[in-house]
Structures are given as C-alpha cells and as structure tokens.
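Have a look at the structure below before the remarks.
The values are calculated or read from the model by the stated rules, or taken from the named source; none is laboratory data. Being a predicted model, the structure only gives us computed values, none of them experimental. A quick note on method: Cβ atoms are made from the backbone with ideal geometry, for glycine too, and the neighbour counts reach across all protein chains shown. Accessible surface is based on the protein model in full, side chains and every heavy atom, while ligands, DNA and RNA are left aside. Shrake-Rupley method; radii C 1.70, N 1.55, O 1.52, S 1.80 Å.
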Amino acid sequence: MCPPDREGAAMNALTGKVAVVTGATSGIGVDVARAFVHEGAQVVLAGRRRTEGEAVAVELGPAASFLTADVSREDDVAALLDFAVRRHGRLDVLVNNAGSPSHLGRIEDVDVAAFRATQEVNVMGALYGIKHAVGHLRRTGGSIINMASITGQRVVYAGVAYSVSKAALINLTKWAAADLGQDGIRVNSISPGFITTGRFGKAAGVTEEQAQARLEALEAYAREQARSLQAIPRPGFGPDVAGAAVYLASEASSYVTGLDLVVDGGLSLGQPGEAMARIRDAMTSVYLG
Ligand SMILES: NC(=O)c1ccc[n+]([C@@H]2O[C@H](COP(=O)([O-])OP(=O)(O)OC[C@H]3O[C@@H](n4cnc5c(N)ncnc54)[C@H](OP(=O)(O)O)[C@@H]3O)[C@@H](O)[C@H]2O)c1
C-alpha cells in the first residue's frame, strides 16, 4: 500500500479538538482516526466489534479510546456522544463513517428486510449522530462529516440499498447544513470512489478475515481498474479519504458547509484521458478510414 505523502500537510490542524469517529474498527474509519490523532485531536472510536476497536485505540495511543456502539440504535449513539463529552469535556467533530454494504443483484430480487437494515445503519445511524451531537457541537462551533459515496450520485458498482442510502445521506447532509449554520455547526459529506478496504469482501458475502486476507488481490484489481477508468490511475486508500476528513474537521474549511467532497481519483468524471484518446481515434477512423 502506498498512502499519500503527508509531509508538508498542515501539522496539528486539529489540536485541542475532540472527535468521535464511528465505524473505526476497520477500513477508512481507522485511517480517519489515525489522521485526527496525528493532527492533535483526541478521538473516541466506535463500532460493534470490541476486540478490533480496542486494538486500534491501543495502537493509536493515549489520545484514542474506544466505545462499543451500534449506530442503528439511537440509544447507543446518544451514549457514545455523552461518553466523549464526559471523557474530554467537549465535542468538536463527529464523523458518521459507519456503513454497511448491500447485496448486488436485480431489483426484483431485493430483500426488503435487508434493504431496511442498510438504511438503518447508513441513514438512520447518521441521523441519530447529527440529532444527538447538535447540543454538544453548538457550544464549540463544531463540524459533522458524513461518509457518503459516489454511488449516492451515480449508479455504479453497488447494490440498490447501498446506493439509495448514500443518496439519502448526501441530501441529509445538505438539509442539516442549511438548518445548523445558525448554530455555528458545519455539516459536509465525503464521497469516496473505489477505496481498497475489506468492505467489498463483506458485499461479496465473505467473512472479515477472508476479506482482509484478500486485500492484496483486491488492490491488484483496483490498480487495473484505476488505469482504465480513472483520471488518476492508481487505487484509492484510506489515507486519501482521511486527508479530506482532516480538512473538513479543521478551521481550514470554516466557510464550507453542505459540500459533498468527492474523493475518487476522478472515477465519477467520465472517460479518463486514455479512453478519450481511443474514442477520438475510433471516431476519426469512422470518417477518414
Ligand atoms: N471502501 C470504499 O470503496 C468506499 C467507497 C465509498 C464509501 N465508503 C464508505 O466508507 C465507510 C467506511 O467503509 P470501509 O470501506 O472502511 O468499510 P469497512 O472496513 O467495512 O468499515 C465499515 C465500518 O462500519 C462499521 N459498522 C458497520 N455497521 C455498523 C453498525 N451498525 N454500528 C456501528 N458500526 C458499524 C464497522 O464496524 P463493526 O463491524 O465493528 O460494527 C466498520 O468499522 C462506509 O460508510 C462506506 O459506505 C467506502
């Protein structure tokens, strides 16, 4: 893996801030938490898997702690935010990163209960977070970051329940941003493209361990895909998304709200340069042979 060069990035952009990051037991959430700690924040990580979450908190050092929380349960989310404020005396940043993939298949085969369960995590989880963070964030002039996806804007590789949930999350972000500006609270989303994490294994129905074991194979596939589909011809990694989260959490973005910040290497732009050149040559041959 080759995380982006963080040399030269603004140091300690989050000094003195307290952040909660949900879904920080694996993948992007871990990299967001790591970047926040690196930038001087104190971070409470959350997820359902206690062993994994506690191991990440230990790895990140004394600025990090972990609390078990299922974001589809409103009480868990409220308790998580209360825990952060009790422990650190304030809350400045909430990253609603926890997310659940969904089955890939035809819409006529959709499992309605599973569709609802995806919305419970990806939409309701963020709604509970926003609702219960407002009282705390109003005191600090805080920032809420929702982890959406380019699948919320375009129909690309993802199941219908996941796509719909991320579209709702982008709209929820804008609605909350318009509402909470008067409270000094900014609300933005990040829409990653194809980021190599264990998520795709979960969507394919394999276990977390199997997904982690196949990360190298996924990375090789992502490298190939990036070359043919993206303007930036390399795979995306957690630290690419974490950089965007640091920006939205920090004062550098103090006049930015309601933004959906796309972090996809140009995947959603359309034809990358190479494909465009192939089309141009093909079109030319239609007329000139
Ligand atoms: N990887 C990508 O290409 C990509 C692209 C666009 C958007 N995203 C979004 O980025 C976020 C992170 O995904 P990832 O790729 O890092 O996948 P991941 O490794 O599967 O991480 C998902 C995280 O969400 C947590 N989670 C799931 N359900 C939860 C629940 N009910 N309550 C609390 N936590 C829950 C998981 O923890 P537990 O299992 O311990 O609960 C895990 O920490 C997700 O919102 C995903 O939709 C990812």
Problem - Cross-chain or 6+ apart pairs with Cβ under 6 Å, the stretch 35-53 first and open to solvent by 80 Å² or more (accessible area, probe 1.4 Å) and within 14 Å of the ligand (Cβ to nearest atom), then charged (D, E, K, R) and part of a loop (DSSP other than H, G, I, E, B) - result: 48/70
Problem - the stretch 192-244 - residue that is aromatic (Phe, Trp, Tyr) and assigned to a helix (DSSP H, G or I) and, of those, nearest to residue 49 (Cα to Cα) - result: 200
Completion exercise
Of the residues in the stretch 190-222, those that are more than 18 Å from residue 103 (Cβ to Cβ) and among the aromatic types (Phe, Trp, Tyr) number 2
Fill in the blank from the handout: Picked from the stretch 186-231 (must be surrounded by fewer than 18 Cβ atoms within 10 Å (Cβ to Cβ) and among the hydroxyl-bearing types (Ser, Thr, Tyr)), the residue farthest from the ligand (Cβ to nearest atom) is 228
Exercise for the section: Pull up the stretch 21-34, narrow it to residues that are surrounded by fewer than 24 Cβ atoms within 10 Å (Cβ to Cβ) and in a loop (DSSP other than H, G, I, E, B), then point me to the one that is nearest to the ligand (Cβ to nearest atom). Expected result: 27
Exercise for the section: Would you be able to say whether some residue in the stretch 134-142 is open to solvent by less than 40 Å² (accessible area, probe 1.4 Å) and within 16 Å of the ligand (Cβ to nearest atom)? Expected result: no
Completion exercise
Going through the stretch 245-289 in order, the residues found to be open to solvent by less than 30 Å² (accessible area, probe 1.4 Å), assigned to a helix (DSSP H, G or I) and at pLDDT 95 or above are 245, 246, 248, 249, 253
Handout entry: Failed item in (1) open to solvent by less than 10 Å² (accessible area, probe 1.4 Å); (2) over 17 Å from residue 29 (Cα atoms), with residue 145 passing the rest
Key = (2)
Completion exercise
If we ask which residues in the stretch 79-116 are open to solvent by less than 20 Å² (accessible area, probe 1.4 Å), more than 13 Å from the ligand (Cβ to nearest atom) and in a helix (DSSP H, G or I), their number turns out to be 2
